[in-house]
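The values are calculated or read from the model by the stated rules, or taken from the named source; none is laboratory data. This one's a predicted model, so the numbers in the text were calculated from it and none came from an experiment. Note that we place each Cβ from the backbone using ideal geometry, even for glycine, and neighbour counts take in every protein chain shown.
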Amino acid sequence: MSDVNVSRNWIGFLGIALPIITLFGKGTVLYTGVAFALGTLLIQYRGYDRRDWLFSTGAGVGAIAMALFPQFFAGICVLFLMLMLINGFQFIKLGEIVPTSRKHTRNLLYSVFAITIAAALVIGFFAKWKYAALIGEWVAFWAFGFSWLMKGGLILADKDELQ
């Protein structure tokens, strides 16, 4: 597994861990530390082109802002907007290769994850029922986390990538 895939997988694991830490963790120190680690990994991620770097850096800054200022929604909004753009535009690129059937499946799932993040945020911010914001945040983080695990090759990797 390449170094970039290891980074992607760590980003995915941290994204999945944040809602669990929120639910079961008693202190904000662990949440803040994980959010900082996530932000740092997103900032150091280079991807394939300049847009990958810009989107992931924006997401990383959003994650760090979310950790520093949890009462203000700007950080989490920037984080999830950038993650929607990464899923909706960057992860689905085909490049010069002939896409495999798994790549087509991944592209469909990346689009579903981008839509899921958008829907979860809309529900989280605008729904009037109890815990709407918390549930919206959880769903968005899980969609984000699983998409990065898929990009890192842990989920639906092409068969030649498994060796």
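Side notes on the structure shown:
- Candidates are the residues of segment 1-15 that are aliphatic (A, V, I, L, M) and crowded, with 19+ Cβ neighbours inside 10 Å; the one that is farthest from Ile135 (Cα to Cα) is Ile11.
- Which listed residue is among the aromatic types (Phe, Trp, Tyr), surrounded by 14 or more Cβ atoms within 10 Å (Cβ to Cβ) and touching a Lys or Arg at 6+ places or on another chain (Cβ under 8 Å), from Trp148, Trp138: Trp148
- Exactly one residue out of Phe126, Phe55, Phe89 is closer than 17 Å to Arg8 by Cα, of a type in the set (A, V, I, L, M, F, W, C), modelled with pLDDT of 90 or more and surrounded by fewer than 18 Cβ atoms within 10 Å (Cβ to Cβ): that is Phe89.
- Selection within segment 20-48: residues that are outside any helix (DSSP H, G or I) and over 18 Å from Ser147 (Cβ atoms). The member of this set that is nearest to the chain's Cα centre (by Cα) is Gly25.
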